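Have a look at the structure below before the remarks.
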Amino acid sequence: MTRKKLSRTDIAGLQADLDAVRDSVMSTLGDKDVAHIRKMIRRARGSAIAGRTMLGLGFDPVTFVVGVAALAHAKIVENMEVGHNVMHGQYDWTNDPSLNSLRYEWDNVCDAGMWRHFHNYEHHTYTNILGKDRDFGYTILRLSDEQKWHPFFLLQPVWNAILALAFEWGVGGHDVQAERFLKGEMSFRQLAERSKPFHRKIRKQLVKDYVLFPLLTFWNAPRVLLGNLLANLIRNLWSYAIIFCGHFPDGTQVFSEEETRDETRGDWYYRQICGSANIEGGRAFHILTGHLSHQIEHHLFPDMPAHRYAEIAPQVQAICAKYGIRYNTANFWRQYGTVLGKVFRHALPSRRANAALAQA
């Protein structure tokens, strides 16, 4: 898909219009925003308590299934609506230590400090710039013709499935940058040093979910261990699907370092829109996605409380229409279907599949 070339006047206008949207929200932050995030924290904690209680004290299949569902729900809400958004600094303005982006540690194997570096800094600064944004394909997937093909990518449908099942592990190890070690760009000592926070977090999570909570239930330990494993698996699959639907559907575009060399804030806004996609749904769905179903708005305003994205989405869409920029939005199955299409098409070195699809 050819990207529309905006004039410098249009870029300046886009910047002014989106700055105005941002200012209209950030100037009104207050009690309702704090009430929302605290409600989400209570929701996650309550669901976790209910799930762990049913897993630990129940014996029948019904309490097992409901317990797994409740615990998975808790982990999804905590990771996506609470952890992700708090660690973006969306609530630093409250001066509440429990909502401080530099203090929060979430319930998965990814160390918060490592995540803030590769996600908050690298990804949100260099969104979809090949060679700079290591989140584009997570270094193991080829999702664009502009990426150099290697025989390794022939198996990327397999790599994609493994990443989906073990998503927290893929994200957790992302900032270790093991690929640099494999290329000879990093020594083993450097690799070991970079890995230390990840290893500490792994130990903490494994002990909590697979040692401590199972042992607390004595005879029910196998049931609790399996329940925790399934809850983590459900959270992994959901997080993977939502994040991939926001970043890699058809229509999302990549950029080169050269064309982004002298970016203004307006250029940066334009890149965020072109490199992102939304997923349509209702309020409950948006909460379960951490409001990453509004990935366009999130990439534009990553430090804005995410529950405000639905409020500003019509304004952002109208601004896109004003400048002739595609506002990429569709339902979950449409977006995820095109993601899978990319995974399979770009596993091959030929562009024929892409050309055929474009003509269809």
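The values are calculated or read from the model by the stated rules, or taken from the named source; none is laboratory data. Bear in mind the structure is a predicted one, so any value in this text is a computation, not a measurement. Glycine also receives a Cβ, built like all others from the backbone with ideal geometry; neighbour counts cover every protein chain displayed.
For this structure, a couple of remarks:
- The range 138-172: number of residues that are assigned to a loop (DSSP other than H, G, I, E, B) and among the acidic types (Asp, Glu): 2
- Scanning the range 256-284 for residues that are in contact with a strand residue (DSSP E or B) (Cβ under 8 Å, 6 or more places away or on another chain) and within 24 Å of Ile234 (Cα to Cα) gives Ala277, Asn278, Ile279, Glu280.
The rows are residues; the columns are (1) of a type outside the set (A, V, I, L, M); (2) at pLDDT 95 or above.
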site	(1), (2)
Asn95	yes, yes
Ser101	yes, yes
Asp107	yes, yes
Phe136	yes, no
Thr139	yes, no
Lys148	yes, no
Ile162	no, yes
Glu179	yes, no
Leu182	no, no
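- Figure legend. Inter-residue proximity from the range 171-182: first residues under 19 Å from Tyr121 (Cα atoms), second residues acidic (Asp, Glu) and part of a helix (DSSP H, G or I), beta-carbon distance below 9 Å, spacing 6+ or different chains. Indicated pairs: Asp175/Glu122.
- Test: residue in the range 91-100 that is part of a helix (DSSP H, G or I), out of contact with any strand residue (DSSP E or B) (no Cβ under 9 Å at 6 or more places or on another chain) and closer than 20 Å to Leu206 by Cβ: no
- Yes/no for Leu71 being surrounded by fewer than 21 Cβ atoms within 10 Å (Cβ to Cβ) and hydrophobic (A, V, I, L, M, F, W, C): no
Table: residues versus (1) surrounded by 16 or more Cβ atoms within 10 Å (Cβ to Cβ); (2) among the polar types (S, T, N, Q).
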| site | (1), (2) |
| --- | --- |
| Arg8 | no, no |
| Ala12 | no, no |
| Leu29 | yes, no |
| Ile37 | yes, no |
| Ser47 | yes, yes |
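- Qualifying residue in the range 127-134 (condition: in contact with a Ser or Thr (Cβ under 8 Å, 6 or more places away or on another chain) and of a type in the set (Ser, Thr, Tyr)): yes
- The residue pairs whose first member lies in the range 248-275 and is of a type in the set (Lys, Arg), whose second member is not in a helix (DSSP H, G or I), and whose beta carbons are closer than 9 Å, counting only pairs six or more residues apart or on different chains, are Arg271/Thr127; Arg271/Asn128; Arg271/Ile129; Arg271/Gln253; Arg271/Phe255; Arg271/Glu263.
- Residues (touching a strand residue (DSSP E or B) at 6+ places or on another chain (Cβ under 7 Å) and at positive phi) located in the range 113-131: Asn128
- Residue pairs whose Cβ atoms lie under 8 Å apart, sitting 6 or more positions apart in sequence or on different chains, and linking a residue in the range 87-112 that is at positive phi to a partner that is in a helix (DSSP H, G or I), are Gly89/Asn120.
- In this structure, Asp33 does not qualify as part of a helix (DSSP H, G or I), closer than 30 Å to Arg265 by Cα and either free of Cβ contacts under 8 Å to residues at least 40 places away in the same chain or in contact with a helix residue (DSSP H, G or I) (Cβ under 6 Å, 6 or more places away or on another chain) (or both).
- Scanning the range 49-61 for residues that are surrounded by fewer than 10 Cβ atoms within 10 Å (Cβ to Cβ) and part of a helix (DSSP H, G or I) yields a single hit, Pro61.
- Residue match in the range 67-75 (condition: over 22 Å from Ala166 (Cα atoms) and within 18 Å of the chain's Cα centre (by Cα)): no
- Considering (1) acidic (Asp, Glu); (2) more than 30 Å from Ile296 (Cβ to Cβ); (3) within 23 Å of the chain's Cα centre (by Cα), the lone condition that Glu193 does not fulfil carries the number (3).
- Subset of the range 123-137 (residues that are outside any loop (DSSP other than H, G, I, E, B) and closer than 19 Å to Asp250 by Cβ): Gly137
- Residues satisfying the stated conditions in the range 321-335, i.e. buried (at least 19 other Cβ atoms within 10 Å of the Cβ) and not β-branched (Val, Ile, Thr): Asn328, Gln335
- The range 318-337 - residue that is part of a helix (DSSP H, G or I) and in contact with a strand residue (DSSP E or B) (Cβ under 8 Å, 6 or more places away or on another chain) and, of those, farthest from Ile279 (Cα to Cα): Gln335
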